[in-house]
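Reading through the structure tokens given below for one structure.
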Amino acid sequence: MAENDTIYTPSDLKKTRYTKEEHFHCLENLTETPIELSLIHCGMEECRPLHIWHGVRYEYIIHFVRDGHGVFSVDNRTYHLSKGQMFLIWPKVEITYIADETDPWKYCWIGFRGSAAERALSDCGFGPQVDVLDAPDLAPIEKNISLILDHYEQVPGNMFLRASCLLSILGYLMESAQRPAEQETGSPAPYSRTNVYVTRAISYIKLHFADDLTIVDIAGAVGISRAYLNRAFQKELGMSVQHFLIDYRLHVAASLLMNTTLSVSEIAENVGYDDPLAFSKAFRKKFQLSPRNYRQSNHAMNILEKRIPDDLNTQT
């Protein structure tokens, strides 16, 4: 054995090591993972007007809306979707989705099964009653799906390539879901499970803010306790869940005041307030104007743009 040769012990070999030098760049000794994910199908489609699918599937399927509009229904939840959103079909759950009559959607999708699927989807931001999320940039997803479709022949090399494309798509979705704080700070946020929970909770709030929504409801949809969810919001956004929910409702109300002729009572009801007086009090506290004065003010839109959180400006 040469004098400079290195002897690795079993414990050394288990330690992940990352090296980056001028002429050497290496990631080694990764822990083997028991990931079991199998691609079942994938594709792209430009739907005809009112194209409909109804029934039960037996794999997990994520649809990515590339353009147009459509409606997705599961249990008692109905979502009106458009470009830049994605929806998940769970196994053994009855669902319906239908393309818009005048602007039918175009989408691509991946269907897969495996023991690691549910955990992977959780890390992507999906969960109980969280069937719809805003999608990240679809270009990498479309590229991987096109690559799968181009390598359709059933030969060993293509099987491995298709599997790698599936993992690449899921990894990309996880990375996007785990960094909501990047939108707030402008710099990448480190991996954090709390990021995933906050992202999932925000998606749920956006879909159900007009309902009689409680923090217990939101925590239950995310799958964690109310106390843990509040700690996650404080860590990632510097506010409680209740604070975020109220802010979101009031900013939606401000937009309705500026862009519709609905009465104050109607707007209050549309953003989840049963009591118009309670709504007016909360609105005045937030914007230093009553709803009626806000609507009449020539500077209302400027005030809205200055006060609205970045999260509400950047997401549809």
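The values are calculated or read from the model by the stated rules, or taken from the named source; none is laboratory data. Quick caveat, the model's predicted, so the values are computed rather than measured. Neighbour counts run over all protein chains shown; Cβ positions are idealised from the backbone, glycine included.
Quick look at the numbers
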{"read-out": "Selection from the stretch 215-229 of residues that are over 13 Å from Thr199 (Cα atoms) and in a helix (DSSP H, G or I)", "value": "Ile215, Val216, Asp217, Gly220, Arg226, Ala227, Tyr228"}
{"read-out": "Conditions (1) modelled with pLDDT of 90 or more; (2) among the polar types (S, T, N, Q); (3) in a loop (DSSP other than H, G, I, E, B): number failed by Gln242", "value": "(3)"}
{"read-out": "Subset of the stretch 73-98 (residues that are charged (D, E, K, R) and closer than 24 Å to Leu138 by Cα)", "value": "Lys83"}
{"read-out": "Spans of strands (runs of 3 or more DSSP E) in the stretch 88-165 with at least 3 residues touching a Lys or Arg at 6+ places or on another chain (Cβ under 7 Å) and in contact (Cβ under 8 Å) with a residue 24 or more places away in the chain", "value": "106-113"}
{"read-out": "Cβ-Cβ under 6 Å pairs, at least 6 apart or on other chains, the stretch 263-280 side touching a residue at least 40 places away in the same chain (Cβ under 8 Å), far side charged (D, E, K, R)", "value": "Val271/Arg249; Gly272/Arg249"}
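Every residue, every condition in (1) touching a helix residue (DSSP H, G or I) at 6+ places or on another chain (Cβ under 7 Å); (2) assigned by TED's automatic domain parsing to the domain that holds Tyr197; (3) over 24 Å from Asp131 (Cβ atoms), yes or no:
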{"position": "Asp212", "(1), (2), (3)": "no, yes, no"}
{"position": "Ile224", "(1), (2), (3)": "yes, yes, no"}
{"position": "Tyr228", "(1), (2), (3)": "no, yes, no"}
{"position": "Arg249", "(1), (2), (3)": "no, yes, no"}
{"position": "Val252", "(1), (2), (3)": "no, yes, no"}
{"position": "Met258", "(1), (2), (3)": "yes, yes, yes"}
{"position": "Thr261", "(1), (2), (3)": "no, yes, yes"}
{"position": "Ser265", "(1), (2), (3)": "yes, yes, yes"}
{"position": "Asn270", "(1), (2), (3)": "yes, yes, no"}
